[in-house]
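Notes follow once the structure below has been shown.
We did not get these values from a lab; they are worked out from the coordinates using the rules stated. This one's a predicted model, so the numbers in the text were calculated from it and none came from an experiment. Cβ coordinates were reconstructed from backbone atoms using ideal geometry, including for glycine residues, and neighbour counts include every protein chain displayed.
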Amino acid sequence: MRECARIWVRFGDKNSVSRFAQNAAEILNAAESAGSPSDLTILVGREGIRMIADSNWPLDSLLWHHGAESAYRVSARGGSIRVEGREGSRRCVLESNARSTARMLLAAR
């Protein structure tokens with residue numbers, strides 16, 4: 001019985017990490033398709049999704065202040081789009097070069 005419990009914990013943690021990373025990837029894809037996205041912070045919690053424009057607060061502070069479970073910050077600088085994510089002790093950063101992405105999409109047509 002203990003072995004099953006230990007496997008369940010690992011399995012549950014892996015699913016949680018994957019969902020966190022998947023959300024970051026989906027946010028990056030949406031920001032890329034927006035063309036030139038504005039700086040935006042997305043908070044996800046029990047009360048739903050909250051979006052905050054142009055926040056200069058650190059993500060950890062926003063998580064605590066709003067009682068959110070996850071936070072993602074979208075920023076665009078010099079043709080690159082960046083998504084930084086925080087969820088508990090987990091961190092991720094995804095970045096893409098919007099110009100390269102647009103060229104690849106146009107070439108695929």
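When the Karplus curve 6.51 cos²θ - 1.76 cosθ + 1.60 is applied with θ = phi - 60°, which whole-Hz ³J(HN,Hα) does each residue of the stretch 79-95 get, with x for Gly and Pro?
x, 10, 10, 10, 10, 10, x, 9, 8, x, 8, 7, 9, 8, 9, 10, 9
Please report the net charge: other residues with Cβ closer than 11 Å to the Cβ of Arg77, K and R +1, D and E -1.
Charge balance near Arg77 sits at -1.
With r as the distance between the Cβ atoms of Ser89 and Ala34 and R0 = 41 Å, compute the FRET efficiency 1/(1 + (r/R0)^6) and round to 0.05.
0.85
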